[in-house]
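What follows is a short report on a single structure.
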Amino acid sequence: MIGVCSVVRGPLPAIVIATSVLLLGAALEPRLATAQESTAQNTAAQNTSSSALPTINVVGVSPIKPPPPQRKPASASGAATNAPVAAPSGTETTTTTHAEAGVVDRDKVPSNIQTMSALDFDHAVTPSLIDAMSRALPGVALSDQTGNQFQLDLNYRGFIASPVIGTPEGIAVYQNGIRINEVFGDIVNWDFIPENAISQMTMVPSNPVYGLNTIGGAMTFDMKNGFTYQGVSGEVSAGSYGRATTSVQAGGQKDNLSAYITADATDDAGWRDDSPSTLRRVYADFGARGDQTEFHITFTGADNNFGAAAATPIQMLSQDWASVFTIPQTTHNQLTFLTGSGTWKPTDTLTVQGNLYYRGFWQSHFDGNGTNAQNMGCSGANICFPDLFGNLTDLITTNGTTVPDTGILAPPSTLGEIDRTWTSTNSLGGSAQVASSERLFAHDNSFVAGLNVDRGLVQFTTTSELGTINPNQFPFVQGVGVYIDQPSGDVAPVGLGARSLYTGLYATDTFDVTSRFSVTSGARFNDAQIILTDELGNDPGLNGIHDYNRVNPMFGATYKLTPEVTLYGSYAEANRAPTPLELGCSDPVRPCLIDNALVGDPDLKQVVAHTVEGGLRGHLDIARGVFNWNAGVYRTLNVNDIINVASPIIGHEFFQNGGNTLRQGVEAAASYKVDRWTAYANFTYVDATFRDALTLSSPNNPFADPTTGTINVLPGDHLTGIPDFRIKAGAEYQITDPWKLGADVNIVGRQWLVGDESNQNPKVPAYWTVNLHSSYQITKNVEVYGLIRNLFNQHYYVYGTFFETDSVPYLNLTDPRTFLPGMPFAAYAGARATF
């Protein structure tokens, strides 16, 4: 493992990736040649509309989804004992012909489960992974805390999956049955998931079977392999704001062996100042199978850099829509993710599966900020720093000296701060699962049971460097080489070691009482042990041992009112244990600079979510077309919800249990496909509220108490940062056999500013955007496409909060509101060759 890590932590050489793909293509060439079908069949596959909801008969009911039914392997002589029909080059063969152990008919799932196929991630329709999910999943909206299009937040039913450390997470994410929420803050790094390699994505509402942190739901990504994808394809695209992307993928099988590899590289200058991105990713799968077994080894590697352009004061945005406030803000993410998995199918109704994994995640973060250090009102000639009670004391450096105000700051410059963090995470573990589709009492029945063990080791370090902000260089913060060690103000170096051990044991069963009535029940036991250690020895309050455990049940039922209409309903409980980050930053009198400092902690209680949902879904054949629809309601009550709260110290926050919170709403969706037309429309409404009276810190809120900096939250006040409704609609028309044109409309409702939990300030306004996409199949192997995002160049905000108006005095800012602006008009074009 050490050798692998040392290689991947550096940049992934493009020449190595390209060479690997070419060698793979050459090795598989004989098999790929036999995979070609007629031109008509290949064109039909390529012309399948990506706007249509995928027709998938069965879905997995656990984190580890069994593979589709496998054809018999080749005999020893090399001739296939049951010759398959060859797949079109560059397509997947994932059709399930009969019920498999571990999967059930999607119509028997008692919740509003949603799926996406590989076509939904097509770059000819949407430019990135998270944009594709926003388009295809009705209940999903995107938010932005970083100002970087590759590091967006995904909001589902009022719960967040975010790459931003310090965001209370509420969705578990799995890749090939392995949970990929990072250990330290449970964040989700979307940039590590190569969309080229995705075979299917499933969005599951709250279900305890999927483990910790499924209080909002779970997402599972099933990836391609050489048994399901045959072909070679390459793609290039370019467009607005310096975006350029290249990617290649190849897959195939020879006898009982398979291989698949994809690699991509993206460079983007960013539409806002100083927000460039570079992504370098590779994913590979090598498989083997026999009559009853199948094995896979996979590798995911990434080396990505992001420049952030976070929230900017509204007065600055009114003058320049692309303006930024205090930079640099950069993030460097690296990943080594190695897995091994096996499936044994001793009978047609029994499947045994297992996996093992190692995941190495390294992140460095560099952030220019305002500071509480000052040179006004200090006693003597030293720079001073306020303590938590507002008393000014001399600023202390890491070598124990004070800092004289000599040569540091010349008017009208102001003091700033550069905060650096380094996170090194190593996690490893595995899971085992048994699934049976054996009939029970002469009735169809699907049973799954499993266990998992996940071990995490984290090293987290921080420093804070004193800096200056010069009017001639604004908004750049320039470090002066003085490192702050101010325990009284909680700006001090931190070295934290965190060890976690997560254990789970689960079971779920779907029983057909009749051919129309199915009942599902299940439960999971979760145990989370977290040990925190102060590695610098200067903050013993960081040391702590925490243990959380709970048994979470679920049950539900589906009933076919008619062959075309199904009624469903369910109840589920799930728990979320506090993360090591939250436990290390939960003392209101000693807050943290998120990304920068941790302090001693009182215990946080685990969150327990109670979810009830129900609805109807169905399909109709209308005018030679297929009409799919669903409508439902849901209600999730979080007990002891964890929220992050602002501190009077600039940039500091802390976590606390915020009492009970409620998220409830309505979901409705419909799609219609006929001849050359495909259309869809959906609507979701989210009502997210506090259920208890609270006093929260929000010092920069205009309605905060001027003495204490607090606001009073009443039962019924709404949670912040959650749009109240979303409307999505779109259509695609196949103008000619090779030419398609589509449009999408996205309307997002209003939301309260983060920090305005008392709901006294104006909301972030609602907004709408229109996106276009078109593609043209020049030949059966070559396609060109174009995308337009935000056709009418709408100016809108996706996130809002508050800041300290006098943190940069010479700007003379008076409005404390600060926003993340949405991306303006952008256009991209690309070409793809498939063989």
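The values are calculated or read from the model by the stated rules, or taken from the named source; none is laboratory data. Small disclaimer: the values here were computed from a predicted structure and weren't measured. Backbone-built Cβ (ideal geometry, glycine too); neighbour counts: all protein chains shown. Remember, those area values only see protein heavy atoms, side chains included, never the ligands or the DNA or RNA. Shrake-Rupley method; radii C 1.70, N 1.55, O 1.52, S 1.80 Å.
Between residue 453 and residue 432, the modelled labels are 1.0 nm apart [label points 7 Å from Cα along Cα→Cβ].
As a calculated quantity, the FRET efficiency between residue 815 and residue 551 at R0 = 51 Å, using C-beta atoms, amounts to about 0.55.
Annotation: residue 178 carries an accessible surface of approximately 10 Å², with a 1.4 Å probe and no ligand, DNA or RNA atoms counted.
With all pairs of different C-alpha atoms in the average, the Kirkwood value for the hydrodynamic radius of the chain is 27.9 Å. With each label modelled as a point 7 angstrom along the Cα→C-beta vector, the residue 687-residue 350 pair spans 5.1 nm.
Taking 0.36 nm per intervening residue step and subtracting the Cα-Cα distance, what contour gain separates residue 320 from residue 792 on full extension?
Details: separation 472, 0.36 × 472 = 169.92 nm, distance 1.82 nm.
So the extension gain works out to 168.1 nm.
Using a ≥ b ≥ c from the Cα gyration tensor of the range 370-524 (square roots of the eigenvalues), is it rounded, prolate or oblate, where a/c under 1.5 gives rounded and otherwise the larger of a/b and b/c decides, a/b for prolate? Don't skip to the end; give the middle numbers.
Details: a/c = 4.39, a/b = 3.57, b/c = 1.23.
Verdict is prolate for the range 370-524.
FRET efficiency for the residue 736 to residue 267 pair, using the beta carbon distance and R₀ = 30 Å, is estimated at 0.30.
Once a ≥ b ≥ c are taken as the square roots of the eigenvalues of the Cα gyration tensor of the range 459-554, is the result rounded (a/c under 1.5), prolate (a/b larger than b/c) or oblate (a/b not larger than b/c)?
Numbers: a/c = 5.87, a/b = 2.30, b/c = 2.55.
Oblate, since a/c reaches 1.5 and b/c is not below a/b.
By the helix-only formula, in which each DSSP H run with n ≥ 4 contributes -39500 (n - 2.57) and the sum is divided by residues, the chain has a 222 nm mean residue ellipticity of -1500 deg cm²/dmol.
Using bins of 10 Å that start at zero, the share of Cα-Cα pairs per bin across the range 182-232 amounts to 20, 42, 28, 9, in whole %. Put simply, the Cα atoms of the range 246-377 extend 78, 35, 24 Å along their principal axes, the longest span coming first. The mean accessible area for residues of the chain, using a 1.4 Å probe and ignoring ligands and nucleic acids, is 37 Å² per residue. I want to verify the translational diffusion coefficient of the range 141-225 in µm²/s; compute it with Stokes-Einstein, Rh as the Kirkwood radius over Cα pairs, at 37 °C and 0.692 mPa s. Diffusion coefficient, whole number: 253 µm²/s. Classify the range 698-744 from the C-alpha gyration tensor, please: rounded if a/c falls under 1.5, else prolate or oblate depending on whether a/b exceeds b/c. Prolate, because a/c is 1.5 or more and a/b exceeds b/c.
Figure the gain on full extension for residue 376 and residue 674 (residue separation times 0.36 nm, minus the Cα-Cα span) and round it to one decimal in nm. Don't jump to the answer; show the numbers that get you there.
On the way: separation 298, 0.36 × 298 = 107.28 nm, distance 7.17 nm.
Stretched out fully, the residue 376 to residue 674 stretch lengthens by 100.1 nm.
With R₀ set to 51 Å, the beta-carbon distance separating residue 637 from residue 401 gives a calculated FRET efficiency near 0.45. Along the Cα→Cβ direction, 7 angstrom out, place labels at residue 695 and residue 538. What is the inter-label distance in nm? Output for this residue pair reads 3.3 nm.
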